[in-house]
C-alpha cells in the first residue's frame, strides 16, 4: 500500500481496504474511505470524506473534492485521448460533493489546451459518461448515461444532458441549457436553450429549469420574447442581433444570452422551426 501522506489527524479516521493500492505520495484527507481493489496514484489528492467504493482507478495529477463519491470501475485522471499530448504533468480537478457513477472516465488536460480538466461542485455523472481533456464543467451539472464530452468543451452551471448525448470538441454549453438524449451537439448552445436531434438544433427554452432556479416570470418572458425575435425574425441573424439586443436588453437573462453569443468564436446552434414545447404561452 505504500506510505501515503495524510492530512493532520486523518490517519485514524481514514478507512483503506487491505486490497487497495495507495501509492506513496498520495494525499489522503480525513475520513476518506477507499474500498476493495481501488488504485490511487502518487500525485493524487483526495479531499475530506471522499469515498472510492471499489475497483476505482485514480491516477495522474488528480484532485477530488470533499465528500465526492466514486462508484466501481470508474477511471479518473488517465492520459488524454489526444495525439498532441506529450506526457506532461497536466491535471484533473473534481469539485466537492459530486456523485460519479460506474464506468465514468475523465482525462487530464493537454499541454496545448491549457493543461487542466476541471469539474465543479455537486455534479452528477451517470453510468458510462466521459469528460475529455481540457473540458471545464460548471457546478450542479447532470450528465446522464453514456454522454460524451469531447476535448475542450465548456459547460455552464445547472446544465442537464440526456442519455447518450455527444458534444463535439470546443463547443460551449451555456448555463441552464438542456441537451435532449441521443443528441449530437456540434455548435454552441445558448444559456437556457434546449437542443435536440442527431445534428442538434434549438427546439425552445428550458423554462422548467429557469423556474426551478427561481427566475422571475418577468425575466423568463423577456428571454422568451428575445429568443423568438432573434431566432425567428426577418432578415439575416447577424443583422437581427443588434436590433434585438437594443429592444430587449436590460433583463438579466437576455443580457446573459447576448454576452454568451458575442463571446463565441465558433458556430452557434440555431433553431430549425418554431417550437412551443417548452410550455410557455
**Request:** For region 1-56, name all the residues that are closer than 21 Å to residue 91 by Cβ, assigned to a loop (DSSP other than H, G, I, E, B) and modelled with pLDDT under 95.
**Result:** 4, 7
**Message:** Go through (1) buried (at least 16 other Cβ atoms within 10 Å of the Cβ); (2) out of contact with any helix residue (DSSP H, G or I) (no Cβ under 8 Å at 6 or more places or on another chain); (3) not in a helix (DSSP H, G or I) for residue 266 and report which single condition fails.
**Reply:** (1)
**Message:** If the requirement is being over 17 Å from residue 59 (Cβ atoms) and either outside the structural domain of residue 73 (by TED's automatic domain parsing) or touching a helix residue (DSSP H, G or I) at 6+ places or on another chain (Cβ under 9 Å) (or both), which of these qualifies: 163, 138, 120?
**Reply:** 163
**Asked** Does residue 187 meet the test of being touching a helix residue (DSSP H, G or I) at 6+ places or on another chain (Cβ under 7 Å), outside the structural domain of residue 148 (by TED's automatic domain parsing) and modelled with pLDDT of 95 or more?
**Response** no
**Prompt:** What pairs can you find where one residue is in region 131-154 and touching a residue at least 60 places away in the same chain (Cβ under 8 Å), the other is not in a strand (DSSP E or B), and their Cβ atoms are less than 6 Å apart, with a gap of 6+ or different chains?
**Reply:** 151/132; 151/133; 151/134; 151/169
**Fill in**
Residues in region 169-179 that are assigned to a loop (DSSP other than H, G, I, E, B) and buried (at least 18 other Cβ atoms within 10 Å of the Cβ) total 5
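The values are calculated or read from the model by the stated rules, or taken from the named source; none is laboratory data. The model shown is predicted, which means the values in this text are computed figures rather than measured ones. Cβ atoms come from the backbone with ideal geometry, glycine included; neighbour counts cover every protein chain shown.
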